[in-house]
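The values are calculated or read from the model by the stated rules, or taken from the named source; none is laboratory data. The shown structure was predicted, so the numbers you read here are calculated from the model rather than taken from an experiment. Cβ sites come from the backbone with ideal geometry, for glycine too, and all protein chains shown count toward neighbours. The accessibility values were calculated without ligands, DNA or RNA, using every heavy atom of the protein model including side chains. Shrake-Rupley method; radii C 1.70, N 1.55, O 1.52, S 1.80 Å.
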Amino acid sequence: MVPPLIERFRPQLPVSAETPVVTLGEGSTPLLRAPRLSERYGRELWLKWEGGNPTGSYKDRGMTVAVSKAVEEGAQAVICASTGNTAASAAAYAARAGIPALVLVPVGAVSGAKVAQTRMLGATVLEVRGDFDEALSAALELARRGTHVLVNSLNPYRREGQKTAVYEIVEELGSAPDTFVIPYGGGGNTSAYAQGIRELGLGAGIVSAEASDRRHTLASAIRIGEPVHASAVREAGAHVVAVSDDAIVDAWRELGALEGVFCEPSSAAGLAAVAAGSVPGERVVLTLTGHGLKDVATAERLAPPPVQCDASPDAIAEAAG
Ligand code: F0G
């Protein structure tokens with residue numbers, strides 16, 4: 001069995017022998033070569049497949065640390081605002097720790113599959129009449145009142161856990177890539193990657209790919225009007241690239257059909273930046289942040305529709321072309 005993230009990276013994390021390790025077996029995700037995409041875009045592309053985490057997104061890296069520390073510090077409950085993935089991850093790790101999770105999602109703006117996942121994991125889900133930014137302000141205020149510990153990426157332990165993706169990538173490649181490419185929603189992950197790069201003393205750059213229409217993008221995980229970590233993203237020296245929904249969908253399909261990796265639309269923003277010619281470097285790692293099953297509805301809407309035919313071999317052979 002792969003070690004829990006906290007055990008694998010114990011010396012690099014703010015944990016002690018007293019910290020209870022709340023784990024679901026996160027981290028140690030696949031780093032995949034992308035031969036066909038490398039060929040298409042004329043450089044060495046790698047995919048860090050974070051959909052392989054227990055709840056299907058990279059959030060689990062940070063959540064194992066945030067919830068373990070919250071329990072160590074005596075938390076009675078956790079709270080977050082979310083576009084869906086933080087919600088599911090917080091719910092899972094809170095259940096694992098035996099404490100309640102309160103999750104705020106902007107009503108009508110989050111993938112139904114993510115809300116269902118979060119409900120099944122026993123969290124209290126409130127659909128807030130407002131956008132993500134308003135839900136986050138409310139969560140912050142409730143955390144300030146002391147009833148709940150905030151497990152959004154403003155919680156510094158989240159960043160500590162998420163930086164470990166950089167450690168894994170560098171360990172597996174044997175050296176740093178020229179560029180790390182990640183989607184940019186609130187910017188917490190960009191600041192986590194920057195921390196990992198800093199701690200390891202690497203010269204690698206970061207490209208953070210955001211939706212050009214932040215408030216309305218179909219990539220609902222990164223549908224965030226006001227990135228709360230914008231100044232950290234600037235200080236990190238990340239190169240911010242805006243990509244259209246059409247470019248995201250094209251990249252999303254390419255990842256599936258050319259490399260066999262079904263991620264969620266937001267995760268494809270990085271490849272869209274590569275396709276736009278906005279990513280420097282010869283060796284490039286694209287982090288695919290979440291699993292495609294997280295947003296089945298969008299796949300059902302945009303994937304090539306199935307063709308119906310009779311159950312006879314001739315009819316099937318003809319329909320298959
Ligand atoms: N990719 C996925 C799949 C995400 O769920 C998110 C953020 C991001 C990328 C962007 O990362 O915010 O650190 O820049 N999801 C948050 C959530 C907002 O609530 O699940 P970021």
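The table below gives the values:
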| read-out | value |
| --- | --- |
| Calculated log₁₀ intensity ratio I(q)/I(0) where the Debye formula runs over C-alpha points of region 130-198, q = 0.12, 0.24, 0.25 Å⁻¹ | -0.42, -1.04, -1.08 |
| Estimated translational D of region 27-76 in µm²/s (Stokes, Kirkwood radius over Cα pairs; 10 °C; 1.306 mPa s) | 122 |
| Under the Karplus curve 6.51 cos²θ - 1.76 cosθ + 1.60, θ = phi - 60°, whole-Hz ³J(HN,Hα) for region 301-310, x wherever Gly or Pro sits | 6, 10, 6, x, x, x, 9, 8, 7, 5 |
| Largest to smallest principal axis extent of the C-alpha atoms in region 216-291, angstrom | 36, 31, 19 |
| Accessible area of His229 in the full protein assembly, 1.4 Å probe (Å², nearest 10) | 20 |
| The chain - mean residue ellipticity at 222 nm from DSSP helices (-39,500 (n - 2.57) per run, n ≥ 4, rounded to 500) | -11500 deg cm²/dmol |
| Counted charge near Ala138, where neighbours are those whose Cβ lies closer than 15 Å (Asp, Glu -1; Lys, Arg +1) | -3 |
| Selection from Gly186, Gly205, Thr164 lying farthest towards where the dipole of region 143-247 points positive, charges on Cβ | Gly186 |
| Using distinct alpha-carbon pairs, which all enter the 1/r mean, Kirkwood radius of region 75-120 in Å | 10.4 |
| Rounded to the nearest 10 Å², the accessible area of Lys59 at probe 1.4 Å | 30 |
| Dimensionless Rg ratio for region 13-111, taking C-alpha atoms and the 2.2 N^0.38 Å reference | 1.32 |
| Probe 1.4 Å, all protein chains present, accessible-area order of Ser111, Ser175, Ser137, largest first | Ser137, Ser175, Ser111 |
| Percentage relative contact order, the chain, counting C-alpha pairs under 8 Å, at least six apart | 19 |
| Carbon + sulfur, % of accessible area of the chain - ligands and nucleic acids excluded, 1.4 Å | 52 |
| Net charge dipole size for region 59-154 [Lys, Arg +1 and Asp, Glu -1 on Cβ; Debye, nearest 20] | 220 |
| Amide H within-cut-off set for Thr19, under 5 Å, with H built and near neighbours excluded | none |
| Cα pair distances in region 261-321, grouped into 5 Å bins until the bin that holds the longest one, percent each | 4, 15, 16, 13, 12, 12, 10, 8, 6, 3, 0 |
| Solvent-accessible heavy-atom area per residue, rounded to whole Å², over the chain at 1.4 Å | 42 |
| Given 14 as the ceiling on other Cβ atoms within 10 Å, longest exposed-site-free region of the chain for GluC sites (Glu not before Pro) in DSSP loops | 74-281 |
| 19 Å Cα-Cα threshold exceeded, pairs from Lys69/Lys294; Lys163/Lys294; Lys48/Lys163; Lys59/Lys294; Lys59/Lys163 | Lys69/Lys294; Lys163/Lys294 |
| Region 198-283: trypsin sites (Lys or Arg not before Pro) in DSSP coil with no more than 15 other Cβ atoms inside 10 Å | Arg215 |
| Pair-distance profile P(r), taking every C-alpha pair of region 59-154, with 10 angstrom steps and integer % | 19, 56, 24, 1 |
| Within region 89-190, trypsin sites (Lys or Arg not before Pro) in DSSP loop having at most 15 other beta-carbon neighbours inside 10 Å | Arg129, Arg145 |
| Alpha carbon Rg of the chain, scaled by the compact-globule rule 2.2 N^0.38 Å | 0.99 |
| Share of alpha-carbon pairs per 10 Å distance bin for region 104-247, given as whole % | 11, 35, 35, 17, 2 |
